[in-house]
Every structure is written in C-alpha cells, then in structure tokens.
Amino acid sequence: MELNGAAAIITGGASGLGAATARALAAEGVHVTVFDRNEAGAKEVADEIGGKAVGGDVTNRDDCEAAVNEAAEGAPLRIAVNCAGTGWVGRVINRDGTPHDPGAFGFIQQLNVIGTFNVMTLAAAKIATTEPLEFGERGVIINTASVAAFDGQIGQLAYSASKGAVVGMTLPAARDLSVVGIRVNTIAPGLFDTPLLAMLPEEARAALAQSVLFPKALGQPDQYGQLVVSIATNAYLNGEVIRLDGGIRMPPK
Ligand SMILES: NC(=O)c1ccc[n+]([C@@H]2O[C@H](COP(=O)([O-])OP(=O)(O)OC[C@H]3O[C@@H](n4cnc5c(N)ncnc54)[C@H](O)[C@@H]3O)[C@@H](O)[C@H]2O)c1
C-alpha cells in the first residue's frame, strides 16, 4: 500500500512503541493522529511529527469514535495501530494465599482487549468507506500482543489472557474485513526498551538483554516502527501474528 498521503491513528502514541510508530509512519508521509490518554504526551509527539493529537481513553467508546473521526479528517484513514496497553503482576493464588484480584484481571482485559476491539472496529468502519487502492486494498489494522500470549510467565495471568485475546482476534478480524479490503496483522513484541522497562534498574535491564537469543539487547522502539511500516506496505501480509523478539522464549520466571 502506498503510505504517502494516507492517514493513520496510533493508540498509545504518546510513548514507547506507539510513539516510535507515529514517527516511522510520519517519515513515510502519513498524516498521523496520536490518540492517548496522556494528552500532553500525545501533543508533544504530534507537534514533533506534524501530526494531530487527541486525548482520550481507549476503553471509552465515545473517545475512540471522536479520535477515529479526527484521524479521518483531511485524508483517507487507511492505517490503525493499537499500542495502548499495560501489564499487571498477580498470581492465581498470591503469596499470601489470596486469590487473584478480579478487578485487576478485568481492568487489564478492558484496556488491552476492549481497547483494541474499540479502535479496531471503529477504524475498520471508517477505512471501509475509503476509495479502494490497488488490488481493492483499503487499509490495514495492526494490533499489539506480546510474547506473553505464548510464553506467559508466573504472575502474568491477566496480561497473557489479554494478549492471547489480541492474538485470537487476528484471523477472524482479517476474515471479516477481507470483503472490504482491510488487512489485519498482530505484532507480538519481546522485550523492548520503552518507559515500561526503563523503570527497572540498569542491572535488571542488562540481565533481561542477556536473556535474548540474538542480538543480546533489548528491542528498540524504532525496530517496532520499522515492522509497522513493513506490514503496512506489504499487501500480501494478512491474518498473521509476528513475533518481534530476537528469538527469545520466556522462561517460567
Ligand atoms: N515494552 C515492551 O517490552 C512490550 C513487550 C510486549 C508487548 N508490549 C505491548 O506494547 C504496547 C505498548 O507498550 P509500551 O512499552 O510502548 O508502553 P508505554 O507505557 O511506553 O506506552 C503505552 C501508552 O499507552 C497509553 N495508554 C495506556 N492506557 C491507555 C488508555 N486507557 N487509553 C489511551 N491510552 C492509554 C499510555 O498513556 C502510554 O502513552 C502495550 O500494549 C504493551 O503491552 C510492550
């Protein structure tokens, strides 16, 4: 797909993988709308790349609708990338014998699954109204899972369940949207050097880097952005989940 002149919405675009995606797509001539609950951060990234910023919550359908409408103003919306999400640590039975907090479990599904569902469905409805391009293609949706969807570690019950759901939505969404020429793919990142991991002490980050097969390094957010551009431009890539992880397989803990 030709990216130059198309519009994109990036959730979680104020930070980490989403911000890197916003920069990578803008460099290809895409009109980027950064949608994040951190409105000031979204504005900072948008100002840097000459894009638009919308503050809001991906779990709120009205916020998502407003953001998608804004993204589709002025250029045909063809790309939606879901990066908003977060993790949670909690075991089925915690060390003190108490069961997993159901509220925390629900919160993570709400953010990582329903948030992705909201923007995917609303963006798809909007992309479906654009003029078809070569081969009848109208656009692409890229969701973010995690290697935790496959190698969930101790304490990752809620997070792995949510990312497993993002993986599980990929093929049916691609099948549903094939009739309107919209592709759906999912990236499952390994360990990336984003503010999420920056909170760890340097020693812990170095140890994590050593656990990667090759290269022995944390992933850089721009490598995620690079894959987004590649997926968006390659019209034959559809219904796929791609691990971007330096070959890591996470151990139990
Ligand atoms: N960093 C990693 O190593 C890694 C690994 C695997 C998967 N992931 C996934 O990648 C995605 C991005 O992670 P990151 O490392 O860039 O994190 P990050 O914390 O740097 O960025 C996440 C962004 O999402 C926004 N956000 C959170 N909740 C929101 C909501 N309800 N509505 C709108 N925006 C919201 C935050 O404000 C933030 O800007 C997440 O889904 C995460 O689970 C990250």
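The values are calculated or read from the model by the stated rules, or taken from the named source; none is laboratory data. As the structure is a prediction and not an experimental result, all values here were calculated from the model. Using ideal geometry, Cβ is built from the backbone for each residue, glycine included, and neighbour counts are taken over all protein chains shown.
Structure data summary
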item	result
Pick from the stretch 171-184, criterion touching a residue at least 60 places away in the same chain (Cβ under 8 Å) and touching a Gly at 6+ places or on another chain (Cβ under 6 Å), ranking: surrounded by the fewest Cβ atoms within 10 Å (Cβ to Cβ)	L171
Tabulated pairs, the stretch 2-13, first surrounded by fewer than 19 Cβ atoms within 10 Å (Cβ to Cβ), second at pLDDT below 95 and outside any loop (DSSP other than H, G, I, E, B), C-beta under 9 angstrom, 6+ apart or interchain	E2/E134
Count of residues meeting criterion [within 27 Å of L191 (Cβ to Cβ) and among the β-branched types (V, I, T)] in the stretch 124-179	9
The stretch 200-253, residues that are of a type in the set (D, E), at pLDDT 95 or above and out of contact with any Pro (no Cβ under 8 Å at 6 or more places or on another chain)	D222, E240
Count - residues of the stretch 207-253 that are β-branched (V, I, T) and part of a loop (DSSP other than H, G, I, E, B)	2
Single residue of N60, N38, N69 found to be over 22 Å from A125 (Cα atoms) and either in contact with a helix residue (DSSP H, G or I) (Cβ under 8 Å, 6 or more places away or on another chain) or among the polar types (S, T, N, Q) (or both)	N38
Neighbours by Cβ (under 9 Å, 6+ apart or cross-chain): first from the stretch 49-60, in contact (Cβ under 8 Å) with a residue 60 or more places away in the chain and within 20 Å of I108 (Cα to Cα); second part of a loop (DSSP other than H, G, I, E, B) and not acidic (D, E)	V58/G12; V58/R37; V58/A84; V58/G85
Unmet criterion (only one of (1) among the aliphatic types (A, V, I, L, M); (2) free of Cβ contacts under 8 Å to residues at least 40 places away in the same chain; (3) within 21 Å of R183 (Cα to Cα)) for I79	(2)
Residue list for the stretch 1-14, filter: more than 8 Å from the ligand (Cβ to nearest atom), of a type in the set (A, V, I, L, M, F, W, C) and over 14 Å from Y224 (Cα atoms)	M1, L3, A6, A7, A8, I9
The stretch 29-68, residues that are in contact with a Leu (Cβ under 8 Å, 6 or more places away or on another chain) and more than 15 Å from the ligand (Cβ to nearest atom)	G29, V30
Set A71, A26, A22, A80: member being more than 12 Å from the ligand (Cβ to nearest atom), crowded, with 24+ Cβ neighbours inside 10 Å and closer than 24 Å to A188 by Cα	A80
Conditions (1) among the hydrophobic types (A, V, I, L, M, F, W, C); (2) over 22 Å from N112 (Cα atoms); (3) within 11 Å of the ligand (Cβ to nearest atom); number of the one not met by L17	(2)
Residue match in the stretch 125-137 (condition: closer than 16 Å to C83 by Cβ and at pLDDT 95 or above)	no
When residues of the stretch 73-98 are limited to those that are of a type in the set (A, V, I, L, M, F, W, C) and closer than 19 Å to A24 by Cα, the one nearest to the chain's Cα centre (by Cα)	C83
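This table checks each residue for (1) in contact (Cβ under 8 Å) with a residue 24 or more places away in the chain; (2) closer than 17 Å to G18 by Cβ; (3) more than 11 Å from the ligand (Cβ to nearest atom).
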{"residue": "G164", "(1), (2), (3)": "no, no, yes"}
{"residue": "M169", "(1), (2), (3)": "yes, no, yes"}
{"residue": "F192", "(1), (2), (3)": "yes, yes, no"}
{"residue": "L197", "(1), (2), (3)": "no, yes, no"}
{"residue": "A206", "(1), (2), (3)": "no, no, yes"}
{"residue": "L213", "(1), (2), (3)": "yes, no, yes"}
{"residue": "V228", "(1), (2), (3)": "yes, yes, yes"}
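Listed here are the residues, each with its yes/no results for (1) crowded, with 22+ Cβ neighbours inside 10 Å; (2) in contact with a Pro (Cβ under 9 Å, 6 or more places away or on another chain).
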residue: M120; (1), (2): yes, no
residue: E134; (1), (2): no, no
residue: E137; (1), (2): no, no
residue: I154; (1), (2): no, yes
residue: A158; (1), (2): yes, no
